[in-house]
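Take a look at the following structure, please.
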Amino acid sequence: MNLSESYKERPFLTFNLDDELFAVDVAKVREVLDYTNITKIPRTPEYMRGVINLRGSVVPVIDLRLKFGLSLTERKRNTCIIVLEVQSESDTLILGALADSVQEVFEFEDGQIEPSPKFGTKLKTDFLKAMGKRNDKFIMILDSDKVFSSDELIAVQEASEAANA
């Protein structure tokens, strides 16, 4: 089975960070929320913006722009929080990811998917599942389970637990 076949008939949610387009498997998305107040947690990594209260549960919120080396996400009209299920080595975590805007949910067609480029051993890009093409634009398809290392997920989980105490 080729790469396009493995992504066929699987819906993806596309969203913007800066001027780049990203996609994540809809099966990993719990919901998309309007931007809400985020409670900051001291002594956490810069990309961890804080936590939100989601129907009585504490959910850590990550700034994907900072995580990917871009500038801080500014609150604008379309800024939102994508609530994701992320699989760590031993647990499923729920976390929010800030996005500049959500675009659409769609399925890739034949020939629209290519393997992610290899940049050598110095750059870690295993969080990219593949690259999609649509309307002459590249879409970076994320592996949401690999965006964060095990150590980073533990830090996020511990900060979330501390906020819950």
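With charges set only on the Cβ (+1 for Lys and Arg, -1 for Asp and Glu), what does the dipole of segment 1-107 come to about its Cα centre, in debye to the nearest 20?
Here segment 1-107 has a charge dipole of around 500 debye.
What are the residues whose amide H is under 5 Å from the amide H of residue 97, where those residues sit 5 or more places off or on another chain and H is modelled from the backbone?
62, 82, 83, 84
Please identify every one of the GluC sites (Glu not before Pro) in segment 15-56 that sits in a loop by DSSP and has no more than 15 other beta carbons within 10 Å of its own beta carbon.
46
Only the coordinates and a few stated rules stand behind these numbers; no lab work does. Only a predicted model underlies this, so the values are computations on that prediction, with no experimental measurement involved. Reconstructed Cβ throughout: ideal geometry from the backbone, glycine too, with neighbour counts over all protein chains shown.
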